[in-house]
Amino acid sequence: MRCLEDLGPLSVGRVWIGRAKGTLSHGVSVNRTKIERGRGVLSLLIDSFAAPMFATNCWVLASEPGSECVVIDPGMPDVSAALEEILDRHKLKPVAVIATHGHLDHTFSIQPIADGYEIPTYIHSEDRAYLSEPEKILGVEFAATVAAMDFLEPVNVRELRNGEVIDLVGLSFRAIHSPGHTRGSLMFEVSDQVLVSGDVLFAGSIGRTDLPTGSSKDMEETLRKKVIPLSDHLEVLPGHGPRTSMAHEKKNNPYLKSLVGRY
């Protein structure tokens, strides 16, 4: 049985629906816009919270309130209660869990959530093994802390590879294999509106490369070939810290500025 002390209250994130700003009664920042797509109209609801340990962002994406949703990177310790609060608030039904990579601070709550709702989990094939053996890609001290814990892979796991597109909840998720932080790290371009960047790209920074399967060489190639070509209009939903945009990061992120215009 897994047992980790709750290190503090959950930090509730912000909600966005499109881009025009508004405010909910409980004070959460909201954006409301309908985005035209040919003859159809696409709206995008995004809510989030930061898990108590490592402040990992868990993102919840849906097309609108009262619909189905996708849960991304539910962290640690068990964040099921925080997730349920968001689901109840927007009357959402989860239909899939996505892991941007195999680090435990992004996967700890996947098994109870995925199996509890009887929904599939998506992860890159290179990081799948770490759903049940997370200690293999952790630092020495943290790996020793969790070594005595038992981790189970969810019942329904679906492997992703670069360029695959999965259509869920009225949105399209394009998987972008982005090694460097881990060998199986993924980013997701969602319906040409947002980028779920995991621990590849942060506001003003990038993910560390010194843990097992991490590689500074791979990260540099990912930044050149996968990140820089992304459209400026994309909003970025990172694995930690505040949201940002590709335009802002290309202009201000020291790891990207030197690459812009060179490739």
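The values are calculated or read from the model by the stated rules, or taken from the named source; none is laboratory data. This structure is a prediction, so every number in the text was calculated from the model and none was measured. As a convention, Cβ positions derive from the backbone with ideal geometry for all residues, glycine included, and neighbour counts pool all protein chains shown.
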Take ILE86 and tell me if it is aliphatic (A, V, I, L, M) and either within 20 Å of ARG183 (Cβ to Cβ) or touching a helix residue (DSSP H, G or I) at 6+ places or on another chain (Cβ under 9 Å) (or both). no
With the condition kept exactly as written, say whether any residue in segment 180-187 is in contact with an Asp or Glu (Cβ under 9 Å, 6 or more places away or on another chain), over 20 Å from CYS58 (Cα atoms) and not hydrophobic (A, V, I, L, M, F, W, C). yes
For segment 150-191, give me the residue count where each residue is out of contact with any Ser or Thr (no Cβ under 7 Å at 6 or more places or on another chain), closer than 25 Å to ARG224 by Cα and surrounded by fewer than 15 Cβ atoms within 10 Å (Cβ to Cβ). 2
Does segment 28-42 contain at least one residue that is at pLDDT 95 or above, surrounded by 17 or more Cβ atoms within 10 Å (Cβ to Cβ), polar (S, T, N, Q) and not in a helix (DSSP H, G or I)? no
In segment 83-103, the residues that are within 13 Å of the chain's Cα centre (by Cα) and surrounded by 24 or more Cβ atoms within 10 Å (Cβ to Cβ): VAL97, ILE98, ALA99, THR100, HIS101, GLY102, HIS103
Scope segment 124-179; condition farther than 13 Å from ALA99 by Cα, in contact with an Asp or Glu (Cβ under 6 Å, 6 or more places away or on another chain) and assigned to a helix (DSSP H, G or I); matching residues: ALA143, VAL146
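In segment 203-230, what count of residues is obtained for those that are charged (D, E, K, R) and touching a Gly at 6+ places or on another chain (Cβ under 9 Å)?
Of segment 203-230, the ones charged (D, E, K, R) are 208, 210, 217-218, 220-221, 224-226.
Now restrict to residues that are touching a Gly at 6+ places or on another chain (Cβ under 9 Å): 208, 210, 217-218, 220-221.
Count: 6.
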